[in-house]
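Visitor: Structure in structure tokens, see below.
Just so you know, all these numbers are worked out from the coordinates, no wet-lab data involved. No experiment lies behind these values; they were computed from the predicted model shown. Please note: Cβ atoms are built from the backbone with ideal geometry, for glycine as well, and neighbour counts cover all protein chains shown.
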């Protein structure tokens, strides 16, 4: 991948910490800076996705009616149908309590 040189101004403390980290890891300053920027941008992208996800649930809360229908009412109907079906199966098997 083609690399472009970018000037970054750092204070003495950051440079000392960067040099110490580079020496411990056996890599260059540039490698650490690239890694830090990549991790920061990935985390920023993930935060944006989470915000979109949360905003979506705020706009249309889970269980709220939408273009697909009333989820809670449908769930209630499905529970009733399932309970009646189970009762009929148990009765047919002679296991009605």
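Visitor: Can you find even one residue in segment 48-64 that is closer than 30 Å to residue 7 by Cβ, out of contact with any helix residue (DSSP H, G or I) (no Cβ under 8 Å at 6 or more places or on another chain) and exposed (fewer than 10 other Cβ atoms within 10 Å of the Cβ)?
Guide: From segment 48-64, those closer than 30 Å to residue 7 by Cβ are 48; that's our starting set.
Retained after the next criterion (residues that are out of contact with any helix residue (DSSP H, G or I) (no Cβ under 8 Å at 6 or more places or on another chain)): 48.
Going one step further and asking which of them are exposed (fewer than 10 other Cβ atoms within 10 Å of the Cβ), we end up with none.
Among the residues of segment 48-64, not one is closer than 30 Å to residue 7 by Cβ, out of contact with any helix residue (DSSP H, G or I) (no Cβ under 8 Å at 6 or more places or on another chain) and exposed (fewer than 10 other Cβ atoms within 10 Å of the Cβ), which makes the answer no.
Visitor: List pairs: first residue in segment 75-97 and on the phi < 0 side of the Ramachandran plot, second residue assigned to a helix (DSSP H, G or I) anywhere in the structure, Cβ distance under 6 angstrom, at least six positions apart or on different chains.
Guide: That search, which allows pairs on different chains as well, returns 96/90.
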